[in-house]
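The values are calculated or read from the model by the stated rules, or taken from the named source; none is laboratory data. Since this is a predicted model, take the numbers as computed values, not measurements. Neighbour counts are summed over all protein chains in view; Cβ atoms, including those assigned to glycine, are modelled from backbone coordinates with ideal geometry. Keep in mind that these areas ignore ligands, DNA and RNA; they rest on the heavy atoms of the full protein, side chains included. Shrake-Rupley method; radii C 1.70, N 1.55, O 1.52, S 1.80 Å.
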Amino acid sequence: PAARGGGEMEPDVIHSLTFSWTGWPHDRAEFPDVPASLFEGLVPLWRGDGFDVLLTEASGGKIQVTAGVLPDVAPAFFAARIKGRLDHAFRKAAIPAAFSRKVGARTLAMNTRPVVENYLRTQVDRSDLADPRYRASLKAASFEDPGVDLAVPSETNSGRYWYDLHLVFVTADRYRYGAKEFWPAMREAFLAAAREDGCVVKALAVMPDHVHIALRGNVALSPREIGTRLFTRTRRTAGFRVWRESFYAGSVGEYSLALILD
């Protein structure tokens, strides 16, 4: 982990992140044929932006780019850089094409959002904890907001974003903390920190030595930024080195990445 300006260590990010971008033609016209070579020429540029392109598709009605991304990439940056490089490539190749101002971007994963949400919902029930009272206290410290629907996109001036993440924070040395007072306080710290950054938590599952979170992210922030801020602020609440110096960040999607890449 690298040290930040304030002297704190920035955690590593173990990640599995896939973003997909969709652009539509201006004034509901159709795109002309886009040669495969145009996309091929952009692949190394996008790689420099932090995107590993997995799939490009162009039809008359839309253009889509799907890529694995580094944890430093925010959806707003991803969408702007995909569109910007395509616009430039169209002009350079004298292709008469223009995008609508509104675009769409979404997170994708092998496991769909309902699968991940159910996984968090049943974490405690499926655990092998011998003491039913301890299991009940972990259940009480967990959280799910039925009013939050991650299937509904965030609307911005530039388009619609489905930016859903699954984060996991593991305790240092896998130490198991009691749940009665410690975990409820940490839950509230997670929720408050997420709100401060413009994120919305759908669910939080507390286990003795780790915490799962499913949330809708602020599209201007990268997974690294969101996770690191939660990591730092909850550690300050605990008052000691509560977490292992890394966390997991995975994208969550409405559609299975396996089906899209098939």
Residues of region 236-262 that turn out to be part of a strand (DSSP E or B) and surrounded by 14 or more Cβ atoms within 10 Å (Cβ to Cβ), as a count
11
Hey, Val65 under 19 Å from the mean Cα position of the chain (by Cα), within 21 Å of Ile226 (Cα to Cα), buried (at least 19 other Cβ atoms within 10 Å of the Cβ) and not basic (Lys, Arg) or not
no
Look at Glu117 and say whether it is open to solvent by less than 60 Å² (accessible area, probe 1.4 Å) and assigned to a helix (DSSP H, G or I).
yes
Consider only pairs whose beta carbons are under 6 Å apart and that are at least six residues apart or on different chains; among these, list those whose first residue lies in region 85-103 and is closer than 23 Å to Tyr163 by Cβ and whose second residue is of a type in the set (A, V, I, L, M) and part of a helix (DSSP H, G or I).
Arg85/Leu42; Arg85/Leu45; Val103/Ala79
Collect the residues in region 116-168 that are β-branched (Val, Ile, Thr), touching a residue at least 12 places away in the same chain (Cβ under 8 Å) and farther than 12 Å from Ala205 by Cα, keeping them in residue-number order.
Val148, Thr156
Could you check how many residues of region 162-198 are more than 18 Å from Asn111 (Cβ to Cβ), within 15 Å of the chain's Cα centre (by Cα) and open to solvent by 10 Å² or more (accessible area, probe 1.4 Å)?
2
Can you find even one residue in region 201-215 that is at pLDDT below 95, in contact with a strand residue (DSSP E or B) (Cβ under 7 Å, 6 or more places away or on another chain) and either of a type in the set (Lys, Arg) or on the phi > 0 side of the Ramachandran plot (or both)?
no
Of these, Leu129, Leu120, which one is over 18 Å from the mean Cα position of the chain (by Cα), under 30 Å from Phe182 (Cβ atoms) and of a type in the set (A, V, I, L, M)?
Leu129
Index of the failed condition, Leu129 passing every other in (1) more than 19 Å from Asp33 (Cβ to Cβ); (2) open to solvent by less than 40 Å² (accessible area, probe 1.4 Å); (3) touching a strand residue (DSSP E or B) at 6+ places or on another chain (Cβ under 8 Å)
(3)
Considering every residue within region 44-61, establish whether at least one is open to solvent by 30 Å² or more (accessible area, probe 1.4 Å), over 20 Å from Gly104 (Cα atoms) and not in a helix (DSSP H, G or I).
no
Tally the residues that are open to solvent by 80 Å² or more (accessible area, probe 1.4 Å) and either within 17 Å of Thr122 (Cβ to Cβ) or assigned to a helix (DSSP H, G or I) (or both), restricting the search to region 132-158.
4
So Ala185 clears everything in (1) touching a helix residue (DSSP H, G or I) at 6+ places or on another chain (Cβ under 8 Å); (2) at pLDDT 95 or above; (3) part of a helix (DSSP H, G or I) except one condition, right? Which one?
(2)
List the residue pairs whose Cβ atoms are under 9 Å apart, where the first residue sits in region 238-254 and is without any contact (Cβ under 8 Å) to a residue 60 or more places away in the chain, the second is surrounded by 21 or more Cβ atoms within 10 Å (Cβ to Cβ), and the two are 6 or more positions apart or on different chains.
Ala238/Met186
Please specify each residue of region 80-108 satisfying the condition of being open to solvent by less than 40 Å² (accessible area, probe 1.4 Å), more than 14 Å from Leu45 (Cα to Cα) and part of a helix (DSSP H, G or I).
Phe90
